[in-house]
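Worksheet for the structure shown next.
We did not get these values from a lab; they are worked out from the coordinates using the rules stated. Just so it is clear, the model here is predicted, and its values are computed rather than measured. FYI the Cβ positions are ideal-geometry reconstructions off the backbone, even for glycines, and counts take in every protein chain you see.
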Ligand code: BTN
């Protein structure tokens, strides 16, 4: 991985994700990062609003992996692992961090960070732009969510957290390139939320209940249904 990070920092934007897309259309290169003190129209997964006031981390970065869409999904696990390792140094003993499929970070069972993946395909069906947006609740969190500062005894600075996070993303991209997705999956599974427990997965047309058995080689969730069938879920919402 030979790109360098270039950081375009703003006081306030509608959405770092939207701005990054505009920059990519204008020819921005892999490694372009857009960050902001706050967002006025932050976007979450599945069309949800992401509240991003000042003091939280709001950032998006551009990769140009030229891979298949299935492989692109693996980057969300890679980024979750990189972010999780970044958060480790801030979290006081006694608090528990988990990774919730597909890419949330929970502390003490409450969401602290979310990852949004969007992409553009080339005419050949390859990912020519992968937009990865990351929000971390540092100083502020909506009700029943976790703010990192609440579980940390040190002052958490969004800019220092971002610098360490970018370093870790490169580290895990290198691991991914050298050893493949299985090495990322292994690290992700160490902190998987509700692994081997019963979960519910909400799909567009139905809700499935079963035991969370793990991830397949692309990162799809493997759910053992009551009738013994192993169901593979590649998109959905896990809830309890
Ligand atoms: C989720 O729903 O969990 C994903 C949340 C992603 C939020 C981040 S904040 C920075 C970037 N800009 C956005 O508008 N969204 C992402």
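Would you mind stating whether residue 78 is part of a strand (DSSP E or B) and either within 11 Å of the ligand (Cβ to nearest atom) or crowded, with 21+ Cβ neighbours inside 10 Å (or both)?
Details: part of a strand (DSSP E or B): no; either within 11 Å of the ligand (Cβ to nearest atom) or crowded, with 21+ Cβ neighbours inside 10 Å (or both): yes.
When the stated conditions are applied, residue 78 does not pass them.
Which one is nearest to the ligand (Cβ to nearest atom), of the residues in the stretch 149-177 that are touching a helix residue (DSSP H, G or I) at 6+ places or on another chain (Cβ under 6 Å) and assigned to a helix (DSSP H, G or I)? First the steps, then the outcome.
Step one: of the stretch 149-177, the residues touching a helix residue (DSSP H, G or I) at 6+ places or on another chain (Cβ under 6 Å) are 156, 164-165, 168-169, 172, 175-176.
Checking which are assigned to a helix (DSSP H, G or I) leaves us with 164-165, 168-169, 172, 175-176.
Details: 164: 17, 165: 12, 168: 17, 169: 14, 172: 19, 175: 23, 176: 21 Å.
For the stretch 149-177, the residue satisfying everything is 165.
Go through the stretch 85-148 and tell me which strands (runs of 3 or more DSSP E), entirely inside it, have 3 or more residues that are within 27 Å of residue 213 (Cα to Cα) and more than 12 Å from the ligand (Cβ to nearest atom). Break it down into steps so the answer makes sense when it comes.
On the way: elements: 97-100, 104-107, 110-121, 127-136.
Here the list reads 97-100.
Between 55, 73, which is buried (at least 19 other Cβ atoms within 10 Å of the Cβ), within 15 Å of the ligand (Cβ to nearest atom) and not in a strand (DSSP E or B)? Let's see the steps before the verdict.
On the way: 55 fails: buried (at least 19 other Cβ atoms within 10 Å of the Cβ).
Step by step, each of 55, 73 is checked, and only 73 is buried (at least 19 other Cβ atoms within 10 Å of the Cβ), within 15 Å of the ligand (Cβ to nearest atom) and not in a strand (DSSP E or B).
Limited to the stretch 2-23, what total is found for residues that are more than 20 Å from the chain's Cα centre (by Cα) and in a loop (DSSP other than H, G, I, E, B)?
3
Quickly run through the stretch 40-51 and pick out the residues that are in a strand (DSSP E or B) and within 6 Å of the ligand (Cβ to nearest atom).
Result: 43, single match.
Yes or no: the stretch 24-39 includes at least one residue that is assigned to a helix (DSSP H, G or I) and either touching a helix residue (DSSP H, G or I) at 6+ places or on another chain (Cβ under 8 Å) or within 18 Å of residue 121 (Cα to Cα) (or both). Spell out how you get there, then give the answer.
Taking the stretch 24-39 as the starting set, the residues that turn out to be assigned to a helix (DSSP H, G or I) are 24-25.
Still in the list and also either touching a helix residue (DSSP H, G or I) at 6+ places or on another chain (Cβ under 8 Å) or within 18 Å of residue 121 (Cα to Cα) (or both): 24-25.
Within the stretch 24-39, one or more residues are assigned to a helix (DSSP H, G or I) and either touching a helix residue (DSSP H, G or I) at 6+ places or on another chain (Cβ under 8 Å) or within 18 Å of residue 121 (Cα to Cα) (or both).
Of the numbered conditions (1) free of Cβ contacts under 8 Å to residues at least 40 places away in the same chain; (2) surrounded by fewer than 17 Cβ atoms within 10 Å (Cβ to Cβ), residue 200 fails exactly one; give the number of that condition.
Going through (1) free of Cβ contacts under 8 Å to residues at least 40 places away in the same chain; (2) surrounded by fewer than 17 Cβ atoms within 10 Å (Cβ to Cβ) one by one, residue 200 breaks only (1).
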